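Some notes on the structure that comes next.
Computed from the coordinates by the stated procedures, all read-outs in this text should not be read as laboratory data. Owing to the predicted nature of the structure, the values given are computational and were not obtained by experimental measurement. Using ideal geometry, Cβ is built from the backbone for each residue, glycine included, and neighbour counts are taken over all protein chains shown.
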Amino acid sequence: MNRTPADRPEHPRAAERFNEDQATYTVKGGGEAPDLEAGVAAIRNVLKTLPGRPGVYRMQDAKGDVLYVGKARALKQRVTNYTQVSRLSKRLQRMVSQTRSMTIVTTRTEAEALLLEAQLIKRFRPPYNVLLRDDKSFPFILLREDHDYPRVQKHRGARRAKGQYFGPFASAGSVTRTLNALQKLFLLRSCSDSFFANRSRPCLLYQIRRCSAPCVGRIGPPDYAELVEDAKNFLTGKSTGVQARLGKSMAEAAEAQDFELAAVYRDRLRALTYIQGSQTVHAEGLGDGDIFALACKAGQMCIQAFFIRGGQNWGHRSFFPAHTNDVPEAEVLASFLVQFYEDMPPPKRVLIDRDLPEAELLAEALSERAERKVVLERPQRGDRRKLMEQARRNAEEALDRRMAESTTQGKLLRDLADTFELPDLPKRIEVYDNSHIMGTNATGAMIVAGPEGFRKNSYRKFNIKSGVTPGDDFGMMKEVLERRFARLEKDDPDRQSGEWPDLLLIDGGRGQLNAVLEIMEDAGVHDVPVIGVAKGPDRNAGREVFHLPNGREVTLPPNNALLFYLQRLRDEAHRFAIGTHRAKRAKNLTTSTLDEVPGIGPNRKRALLMHFGTAKAVKGAALEDLERAPGISRATARQLYDYFHPNR
C-alpha cells in the first residue's frame, strides 16, 4: 500500500535528487567511423580529467547518440577498464570502437549513481545496455479520500489524487477482478462525484447488491466508513478480521430474525471465501513483496514477476529484456530490477532466484527510492522457496511460449516476404487506418508489428488538423503520412534507430495505394514497400485483394495462415483507429466553446449555461445581456464579448 502525497510525499525524481553536490561535463575525442584505436584514444582523453568519486558515465558516438550508460563507485578506475581492450568482450569492443565522447555526472554515493543510471537508461535507451522493454505503467486501485463517501476506482499514471493507492497490479484484468470483489464484499461506490451528486434514486449497482447507495442516503457516513475500513483491511491482507466481523453480523441478523439482512451478509461471506480460495499463488506470511525469477534458453531471457500485497496475489507478468547477448544472467536481473523500480515504489521485500553482484548496493538504492528499508532476499527453504520455484517454472513456460511464437511468427514473415517479393524479412510493419463520421472528429491511427508481435508502445494516433471533406479518406491519409515521415526525416535521417518501417500496410484498394505512393514520392521516400489491403466482393473477410505498387494483385486461399495474419494486422489498426475516434468524440461531447475563454471557470460556465441555455446563445448574446447574467461582472462580460467578437 502506498499513501497519498498528503500522507507520504512522493520521492523526488532522480534528476532533481542529484542536483545537489554533482558535476556534469563532456569530453570529446576525434574520429568518425567505428575505429577501436580512436575509441580508446577518446576514452583516454576523458581519463585525464576524471575524479575518483562515484558517478555515472555516458559513452557517445560521433553524432552524440548515447551508446551506453554505466555507474561506478570510483569513476577513474571504472572507465580505465575500457582502455584494456584485450580484457573486454566482443560486445564491449564494438562499443568502444564507436565511442567518440563521454559525459560524466558525479554523485555523492554509489547508490545515487545506481538510481541515476536507471533513469538515464530509461531516457536514452542505449543499444549496449540491458533494457526493460515493457514501459507501460502498472494499474493501481485508488480509494479516494476527498469525499464524505470515498470512491474506489482503477488508477494508472501519476499518483496526485488524495487517497490511498493499492498496487501495483500486473494487469488491468487483475484490477477489475479485485474491484468486482470489493463491490460485492463492501458495497463501495465506484461512480464519479458528478454522477453521485445528481442521483435521486439508486442505480442498478444497488439493485444487484454491488453498492450501498450512499448517493440517496441508504447508508450514513459512519456505517459507510466501517465498510471503507473493512475494504482497507482486505486490501492489506487482514481479511481474517473482516471474515469474523461478517460472520458475527450474519449471526446477529439471523437471531433478530432479519433474514434478508442475514442473507446479504451470507453472500458477502461466500464472496470472500471464494476470493481467498481462488488465489493461484498462496503467499501467506510474505506480506508485501515482489518475486522475480529468470529463465534463459538459446540466448533469450525471460523474467517472471509475481506481485504479492498483504499476502494476496495481485497478478504476475512476464518480461523479456532486450540487449542481453553476452551479458551474464545475474547482471541482467540486477539491471532489470533497478530499471523496474525507477517509477515503481519497491515493496518491503524483494525475492530473487539467484545471488546478484552488488546486492547490498542494490538494496541500499531501493531503500533510498522507497524511503524505508527494502530487503533483497534469495529464499532457501520453506514456503518462500516454493513460491520461487513456481515463479521460475512460470518463467520457463513463458519463454517456451515466446520462442514457439517467434518461430511461427518468423515463418509468417518469411511467407510475407516471399509472397510480396520484399527485399528482406520485415522487422517493422506499420499499418494505417482512419476513422471519422462525416468528417467530424477525424483521427488517423498507426499500429506497429514485428517479429515479436504487436508493439503496442509504438502505436500512434493522429488528430487530423486540416479540414476534411466528408468521405475524403485520401486527404486524411495524406496528412497522416506526411506528418509521420517528416518526423522520421527530422529525427532519424540516417535510419539508425530502427523506427523506419520495412513495410506499410494501407487499408484500401488501388486508388488508396496510388495516393499513398504519391505522398511517399513527394516525401522523397522511395524504398519502403507499400501494400494496399482491399476488402473482397461483398466486403467478405477471406476474399481480400492485395494491391502492389507495380500493378500486381494478389489473392490468398481462404484458409491461408498468411491471410489470417494480414487480417489480424488490418483489424488491429481498425480497432485502434475506431477507439481513438470514439475517445475524441466522447471528449468533444463533454466540452464547450466556453472552455476556451480565458477567465471562465466551471462556476461561471455553469451560471452562463443556466442563464442562456446553450453555449451558442452565450456566443451570440449582446454585451448588455452578458452583464445581466448572474455571477458575471461587467469586466468579465466585456472579456467574454470581446473573445467572441474580436473585430467589434
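General observations
- Extension gain, Arg393 back to Leu205 (0.36 nm per residue minus Cα-Cα distance, nm): 63.6 nm
- Nitroxide proxy distance, nm - points 7 Å out along Cα→Cβ at Phe644 and His147: 3.2
- Note on Lys48: lysines with a C-alpha under 19 Å away, same-chain residues under 8 apart excluded, are Lys28, Lys71, Lys76.
- Computed over the chain, the P(r) curve from all C-alpha pair distances, binned at 10 Å from the origin, holds 3, 12, 17, 20, 22, 17, 8, 2, 0, 0 percent per bin.
- Per residue, the average separation of C-alpha pairs within less than 8 Å and at least 6 apart gives region 23-106 a relative contact order of 48 percent.
- Selection from Gly475, Ala523, Val152, by position along the positive dipole direction of the chain (Cβ): Val152
- Summed side-chain charge close to Val618 - residues other than Val618 whose Cβ falls under 10 Å, Lys, Arg +1, Asp, Glu -1: +2
- Computed FRET value (nearest 0.05) for Gln257 with Glu226, which takes r as the C-beta separation and R₀ as 22 Å: 0.45
- Per-residue Karplus couplings for region 85-98, computed as 6.51 cos²θ - 1.76 cosθ + 1.60 with θ equal to phi - 60°, are listed in order as 4, 5, 8, 8, 6, 4, 4, 6, 5, 4, 5, 4, 5, 9 Hz, Gly and Pro entered as x.
- When each of Lys122/Lys456; Lys427/Lys456; Lys63/Lys456; Lys461/Lys619 is checked by Cα-Cα distance, pairs over 24 Å: Lys63/Lys456; Lys461/Lys619
- Cα-based reach from Lys248 at 25 Å (exclusive), listing lysines while leaving out same-chain residues under 8 positions away: Lys184, Lys232, Lys238
- Selection of GluC sites (Glu not before Pro), region 354-448, meeting DSSP coil and at most 10 other Cβ within 10 Å: none
- Student exercise, region 593-644 dipole from Lys, Arg, Asp, Glu Cβ charges, in Debye to nearest 20: 120
- Charged side chains reduced to their Cβ positions (Lys and Arg at +1, Asp and Glu at -1) give region 23-106 a dipole of some 400 debye around its Cα centre.
- Extension gain, Lys248 back to Glu329 (0.36 nm per residue minus Cα-Cα distance, nm): 23.9 nm
- Nearest-0.05 FRET efficiency for Arg156 and Arg606, computed from C-beta distance (R0 25 Å): 0.25
- Proximal lysines relative to Lys465, as straight alpha-carbon distance under 18 Å, when same-chain residues fewer than 8 apart are discounted: Lys478, Lys584, Lys587
- Globularity index of region 140-277 is 1.05 (Cα radius of gyration / 2.2 N^0.38 Å, N = number of residues).
- Cα convex hull of region 23-106, projected area averaged across orientations, nm²: 4.6
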